[in-house]
Amino acid sequence: VTERLKTPRGTRDLSGEEVAVIAGIEDAARALAIHYGFEEIRTPIFESQSLFERSVGDETDIVAKELYRFVDRKGRPLALRPEGTAGVVRAYIEHAMAARGGATKLYYAGPMFRYERPQGGRYRQFLQIGFEFFGATGVTADFEIIDLAWRLLERLSVKAGLRVNHLGCAACREAFSRALVDHFAARREALCGDCVRRLEKKPLRLLDCKVPACRAIAGDAPSIGLCATCRAENDVLHDLLRGSGIAFTADATLVRGLDYYTGIVFEMTSAKLGAQDAVLGGGRYDNLVADLGGAAVPAVGFAVGVDRLASIILAEPAASPPRAPLLYVIGLKPEGLAEAARLTRILRRWHEKRTLAASARPDWIEMGHGERSLKARLKEADRLGAAYVAIIGEDEVANGTTMIREMGHGGQAVVALRELKEGAIGEAILATMERLTEERLR
Ligand code: HAM
């Protein structure tokens, strides 16, 4: 027996309505990227392992437990990217984008990979759309990024709760780390092995361990005390958000699962999702470019989980009406089929030009291939949900015409094609379709 081939655990095929919704999300993100001045970048889906170790951090779950590592045939240690920021920063440095001066705004869309336990809304391959703003000086840049994230969800009519936090500057974090070490070291026996190591290496990571015992200890850990500068920055952000009608909660427990964050961080969650309720997340990472060998360039960004966003939209009734042809062309007998193929080609080209000019959404024009009866064809048009059919049978071939019929209503009219120039055929058929519908409505 041959084994049935299936998608690997944690991955899936995207098709049908889901893929249409995802394309809609990508369209919305692209449009916003233009408004906010972001240029697209496409980086490889695999990079050196060390890139992720040095950016996301080797003490994080994402790198320590979830990284898809492999060596290629020459023994190079590589990894599938678990997120997009690291690769974009690598590219920013590699192509000396800082030398262009000023701000550089980059966005990306593509698959990310994390070896997590699959569950609702959590996959091993998932899609992110991310925005990274380099040369992002000052808190207004953080505001711009949060506003962009908010606007994206607003455009897609998705409601989500926004939480923001400030992780402090190096000085605030230094003091905070010491306070955390004191708090956790006093309860060392109860900590998991990873957290005992984090005590020495990355005290901030103590706050997002998933082991229940550690979480309990994190629960009454001290929260960060911000210095005057960070506090002032935080206040400006809160004011800007309030003034823009962007509802948020300040959440001191929000630390994010990646090491590179340095100041303001944020997340948006949706009650429509299950346990994995984060739709998007991001924040400031002022040291990452320098840490990876570039200049000292402040940056802020976020990434949205497209699979989760799509599942929220799909849960809404009639999120995206199923795609159906505007016109289904039916040819009967070989002669009719040949005429139908000619007509379909002419109509598609005409319609393509027309929708391009009006930058409207293209309509779908379909034809039935192979010799079938009129009855079978009408059934097929009905199954597809076609609005109109154009029939070319024996009479129509003889007379150089086609019969336009409005599906589901039965109104029909003959259009003479032979007298028309190719360029006029589309308009004539469209006018007939419109007239049939108008007459019916009258
Ligand atoms: P992140 O919070 O790790 O941040 O991921 C961003 C979003 O990706 C999450 O909010 C979630 O919607 C989605 N996501 C993460 N893991 C999975 C998964 N296993 N299955 C489905 N969706 C998932 C980052 O990745 C940062 N690079 C964001 C950023 C950009 N910060 C600054 N710039």
- Estimated [θ] at 222 nm from DSSP helical runs (n ≥ 4, -39500 (n - 2.57)) normalised by residues in the chain, nearest 500: -12500 deg cm²/dmol
- Message: Taking the alpha-carbon distance from residue 333 and a cut-off under 30 Å, which lysines remain once sequence neighbours fewer than 8 residues away in the same chain are dropped?
- Response: 375, 379, 421
- Item | 253, 269, ranked by accessible area, largest first (probe 1.4 Å) | 253, 269
- For segment 1-48, what does the alpha-carbon gyration tensor say about shape, rounded, prolate or oblate, given a ≥ b ≥ c as the root eigenvalues, a/c under 1.5 as rounded, and a/b over b/c as prolate? oblate
- Item | Inter-site label distance for residue 58 and residue 35 at 7 Å from Cα along Cβ, in nm | 4.4 nm
- Note on the structure: Computed from the beta carbon distance with a Förster radius of 22 Å, FRET efficiency for residue 418 and residue 374 to the nearest 0.05 stands at 0.50
- Short version: ³J(HN,Hα) in whole Hz for each residue of segment 414-420, in order, from phi by Karplus 6.51 cos²θ - 1.76 cosθ + 1.60 (θ = phi - 60°), x for Gly and Pro, what are they? 8, 10, 7, 9, 4, 6, 8
- Using the structure shown, list the pairs from 159/201; 159/210; 210/272; 6/201 with a Cα-Cα distance above 31 Å, or answer none. 159/201; 6/201
- Message: Below 13 angstrom from the Cβ of residue 6, what's the summed charge of the other residues (Lys, Arg +1; Asp, Glu -1)?
- Response: +1
- Message: Report the Cα centroid-to-centroid distance between segment 148-178 and segment 35-104 in angstrom, as an integer.
- Response: 22 Å
- Heavy-atom accessible area of residue 204, protein chains in place, probe 1.4 angstrom, given in Å² to nearest 10, is 50 Å²
- Kindly state, to the nearest 0.05, the FRET efficiency for residue 169 paired with residue 431, given R0 = 60 Å and r defined as their beta-carbon distance. 0.35
- Message: Quick check: pseudo-label points 7 Å beyond the Cα along Cα→Cβ at residue 179 and residue 409, how many nm apart are they?
- Response: 7.0 nm
- With Rg and the Kirkwood Rh both taken from Cα atoms, where does Rg over Rh land for the chain? 1.12
- Carbon plus sulfur fraction of accessible area for the chain, probe 1.4 Å, in percent: 52 percent
- Item | Unmatched cysteines, the chain - criterion: no other Cβ of a Cys under 4.7 angstrom | 169, 172, 192, 195, 227, 230
- Might you tell me the accessible area per residue for the chain, computed with a 1.4 Å probe and given in Å²? 51 Å²
- Task: Report the label-to-label distance for residue 210 and residue 2 in nanometres (one decimal), using points 7 Å from each Cα along the Cα→Cβ vector.
- Result: 3.7 nm
- Counting only the heavy atoms of the protein chains, how much of residue 157 is accessible to a 1.4 Å probe, in Å² to the nearest 10? 100 Å²
- When you count, for each residue, the other Cβ atoms within 10 Å and take the mean per peptide, how do 424-432, 6-14, 221-229 rank with the highest first? 424-432, 221-229, 6-14
- Query: Which of the aspartates and glutamates could a cross-linker bridge to residue 65, judged by Cα under 20 Å and excluding same-chain residues fewer than eight apart?
  - Reply: 47, 53, 83, 116, 194, 200, 208, 259
- For the chain, what are the DSSP H helices with axial Cα length of 27 Å or more and mean Kyte-Doolittle hydropathy of at least -1.0? 16-35, 333-358, 422-441
- Query: Counting only Cα, what are the radius of gyration and maximum Cα-Cα distance Dmax of segment 156-250, in Å?
  - Reply: 16.3, 48
- Taking every alpha carbon pair in segment 95-228 and sorting the distances into 5 angstrom bins from 0 up to the bin holding the longest one, the percent per bin comes out as 2, 8, 12, 12, 14, 16, 18, 12, 5, 1, 0
- Is segment 325-399 best put as rounded, prolate or oblate by its Cα gyration tensor, with a ≥ b ≥ c the root eigenvalues, rounded for a/c under 1.5, and otherwise prolate when a/b is larger than b/c, oblate when not? oblate
- Starting from the Cα gyration tensor of segment 1-84, take the square roots of the eigenvalues, sort them a ≥ b ≥ c, and report rounded, prolate or oblate (rounded when a/c is under 1.5, otherwise prolate if a/b is larger than b/c, else oblate). oblate
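The values are calculated or read from the model by the stated rules, or taken from the named source; none is laboratory data. As the structure is a computational prediction, the values presented were derived from the model and not from experiment. Every residue, glycine as well, gets a Cβ built from its backbone with ideal geometry; the counts of neighbours run over all protein chains shown. Heads up: the accessible areas ignore ligands, DNA and RNA and are worked out on the full protein's heavy atoms, side chains in. Shrake-Rupley method; radii C 1.70, N 1.55, O 1.52, S 1.80 Å.
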